[in-house]
Amino acid sequence: MLYYRVPISSGILMFPVFVVLVTVLTFAIGVLGASLNVRYRDVGTVLPILLQIWMFVSPVVYSSSILPQRLRLLYSLNPLVGIINGFRASLFHLPFHWPSIIISAIVTLPLLVVSVHLFRRMESSFDDDV
């Protein structure tokens, strides 16, 4: 940023928040997938397909602004929507869409709690299943 003389804005200060959110979401999905894969072996076959579908329904390649306004709140239930849009807003000086960011945090944190709880509950039988 210094080399290209790009000014540091206040939006870039939100970038670490989105890094933490995507890290927590990744950890929650990883723990949930690992727990279920030990018990149910078919999860290892289905999970890559589900993750690829999830990538296509997340605004990775396209902007979520192409959706009609009436569907955006429902679309924001996908936790990656708020996180990816937050990354874009912080890097490209765009306005933040706070409802989708808050929904992403509200979905991600309980998912983490449920994933860790399920892991701890299933942990005692991992050696029997393996």
Residue 122 fails exactly one of (1) assigned to a helix (DSSP H, G or I); (2) modelled with pLDDT of 90 or more, namely (2)
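In the stretch 54-73, what count of residues is obtained for those that are open to solvent by 80 Å² or more (accessible area, probe 1.4 Å) and either closer than 21 Å to residue 114 by Cβ or among the basic types (Lys, Arg) (or both)? Before you say what the answer is, go through the steps one by one.
As a first pass, look at the stretch 54-73 and keep what is open to solvent by 80 Å² or more (accessible area, probe 1.4 Å): 55-56, 61, 66, 69-70, 73.
Retained after the next criterion (residues that are either closer than 21 Å to residue 114 by Cβ or among the basic types (Lys, Arg) (or both)): 70.
Looking only at that region, the number is 1.
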For the stretch 94-116, does any single residue satisfy the condition of being in contact (Cβ under 8 Å) with a residue 12 or more places away in the chain, of a type in the set (Phe, Trp, Tyr) and outside any loop (DSSP other than H, G, I, E, B)? no
At least 2 residues that are within 20 Å of the chain's Cα centre (by Cα) and in contact (Cβ under 8 Å) with a residue 60 or more places away in the chain in each: list the helices (runs of 4 or more DSSP H) lying fully within the stretch 1-84 that qualify. 15-39
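Could you list all residues from the stretch 81-109 that are open to solvent by 70 Å² or more (accessible area, probe 1.4 Å) and of a type outside the set (Val, Ile, Thr)?
First pass over the stretch 81-109, keeping only residues open to solvent by 70 Å² or more (accessible area, probe 1.4 Å): 91-95, 97-98, 102, 106, 109.
Across the stretch 81-109, the qualifying residues are 91, 92, 93, 94, 95, 97, 98, 109.
The values are calculated or read from the model by the stated rules, or taken from the named source; none is laboratory data. In this text, all values refer to a predicted model and were calculated from it rather than measured experimentally. For neighbour counting, all protein chains shown are included, and Cβ atoms are generated from backbone atoms with ideal geometry for every residue, glycine included. For the accessible areas, the whole protein counts, side chains as well, though only heavy atoms, and no ligand, DNA or RNA atoms are used. Shrake-Rupley method; radii C 1.70, N 1.55, O 1.52, S 1.80 Å.
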